[in-house]
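Nothing in this text is a laboratory measurement; each read-out follows from the coordinates by a stated rule. For clarity, every value in this text was computed on a predicted model and none was experimentally measured.
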């Protein structure tokens, strides 16, 4: 199992990734370590089809010719039944280790969907998530967030996209941010970054994980968790 970090970590970070390889993951881990003192283990979960394996339900193409599948349920099953138990066995994680699921773009949307679907994850770190995804806002409004800490971010130029569907991302993320603020027992943040969707992806992902760790650490110190 590919992993970044040491045994016995307090936090297990899980990030769905594509074929970009370990260089970006190493950059993310390095950036997290600049601000996080708590021990963590990051597991990249590689997916064969970005649009298929991370989408909660089918949707037509938004750009190009490739549409979206409905493989998110299977990817969540894989994380729940294979990735998490395997990481705990291989790296001796303590029983109280906090699990954070996060990612960028469609992986960020997947993380949010999982947070609404199950209480398995203590934190959700969604950097520039694809919350424009057709039907997601209606779904989120009907399914309460079950994680304890949720980070959202968006580039300040992302809602200027050419696609009418993707231009909804700003309104959608503001609505989600407001919903999470009103959800009992959830601490959340919506942060705006400079630039479009393709700027500083690794740094934005690292900021998402780092904030979520800090938020859970603060709750732990207060004795709330």
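Some points to look at:
- The C-alpha atoms of the chain define a longest principal axis, and helix 22-35 lies at about 70 degrees to it.
- Residues considered: 98, 65, 88. Largest GNM mean-square fluctuation over the chain, using C-alpha springs under 10 Å, is found at 65.
- Helix-only arithmetic for the chain: the sum of -39500 (n - 2.57) across DSSP H runs with n ≥ 4, divided by the residue total, places the mean residue ellipticity at 222 nm at -12000 deg cm²/dmol.
- Acute angle (nearest 10 degrees) that the helix 169-182 long axis makes with the longest principal axis of the chain, alpha-carbon atoms: 50 degrees
- Relative contact order computed over the stretch 4-222 (Cα-Cα under 8 Å; 6+ residues apart), in percent: 21 percent
- Using alpha-carbon coordinates, inclination of helix 106-117 to the longest axis of the chain, degrees: 70 degrees
- Surface/4 estimate of mean projected area, convex hull on alpha-carbon atoms of the stretch 4-222, nm²: 11.1 nm²
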